[in-house]
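Structure, as structure tokens:
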Amino acid sequence: HVRERQAEQLRALRLLDAIARSSSDAIFAKDTEGRYLFFNQAAAAVVGLPADAVLGKDDRALFPADNAARMMAADRRTLAENQPISGEELLITAHGPRTFLVNKSPLHDAAGKVIGTFGISRDITERKRDEAMLRKLSQAVEQSPESIIITTVDATIEYVNAAFTRVTGYSPGDAIGRNPRMLGSGRTP
């Protein structure tokens, strides 16, 4: 039974290694002092250093002082509260400023003792840029002096801007869900 259990543990370790190597997300683990114990290839690409050059170092060796201080404070909070945390972090990386969605959790040994932290970080820089652009476009449409109607492919109104309401007298509640033919009702000029 011992050999079978060891073989199963080895298979599990190989699977975890394959997952970490294949992930496009940065995956890392740190000891209770904040020194890296594990750093996958995606994490290495973020900092522009091979994983073996990072192991044993803390965030101060990889990031500007203010970034490192924020990351280390989050690690201390995770350790102190023994709870996972999630949030966005703006980091200065080998590729310039990037925004990451970071999930950090306490790392426990087999006995349940906290021995460090581990985390997964996903680069969401492009998504954040897209969201900002979408907000700008939305504001432009909302503030346009021209009436704007957005419909589904079957001509059901999904959106009207303030200019539409001013010109037609129909509120968004009156128009959304209806067909634009309602404008030919003779109730509006």
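Of all residues in region 16-36, those being open to solvent by 30 Å² or more (accessible area, probe 1.4 Å), more than 22 Å from the chain's Cα centre (by Cα) and of a type outside the set (A, V, I, L, M, F, W, C) number 4. Determine if region 52-62 includes at least one residue that is surrounded by 14 or more Cβ atoms within 10 Å (Cβ to Cβ), outside any helix (DSSP H, G or I) and β-branched (Val, Ile, Thr). There is no residue in region 52-62 that is surrounded by 14 or more Cβ atoms within 10 Å (Cβ to Cβ), outside any helix (DSSP H, G or I) and β-branched (Val, Ile, Thr). For residues that are more than 16 Å from ALA29 (Cβ to Cβ), assigned to a helix (DSSP H, G or I) and not small (Gly, Ala, Ser), tally how many sit in region 73-87. Final tally of qualifying residues: 2.
Exactly one residue out of ALA69, ALA42 is part of a helix (DSSP H, G or I) and under 22 Å from VAL114 (Cα atoms), and it is ALA69. The set of residues from region 88-100 being in a strand (DSSP E or B) and not aromatic (Phe, Trp, Tyr) comprises GLU88, GLU89, LEU90, LEU91, ILE92, THR93, GLY96, PRO97, ARG98, THR99. Annotation: of all residues in region 73-85 being under 19 Å from the mean Cα position of the chain (by Cα) and among the hydrophobic types (A, V, I, L, M, F, W, C), the one that is surrounded by the fewest Cβ atoms within 10 Å (Cβ to Cβ) is ILE85. Restricting the search to region 117-152, which residues are surrounded by 15 or more Cβ atoms within 10 Å (Cβ to Cβ) and under 17 Å from ALA26 (Cα atoms)? Passing the criteria: THR117, PHE118, GLY119, ILE120, SER121, ARG122, ASP123, ILE124, THR125.
Residues that are more than 20 Å from the chain's Cα centre (by Cα) and in a helix (DSSP H, G or I) within region 126-146 comprise LYS136, LEU137, SER138, GLN139, ALA140, VAL141, GLU142, GLN143, listed in sequence order.
The values are calculated or read from the model by the stated rules, or taken from the named source; none is laboratory data. These numbers come from a predicted model, not from an experiment. Glycine also receives a Cβ, built like all others from the backbone with ideal geometry; neighbour counts cover every protein chain displayed. Quick note on the areas: whole protein, heavy atoms, side chains included, nothing else; ligands and nucleic acids left out. Shrake-Rupley method; radii C 1.70, N 1.55, O 1.52, S 1.80 Å.
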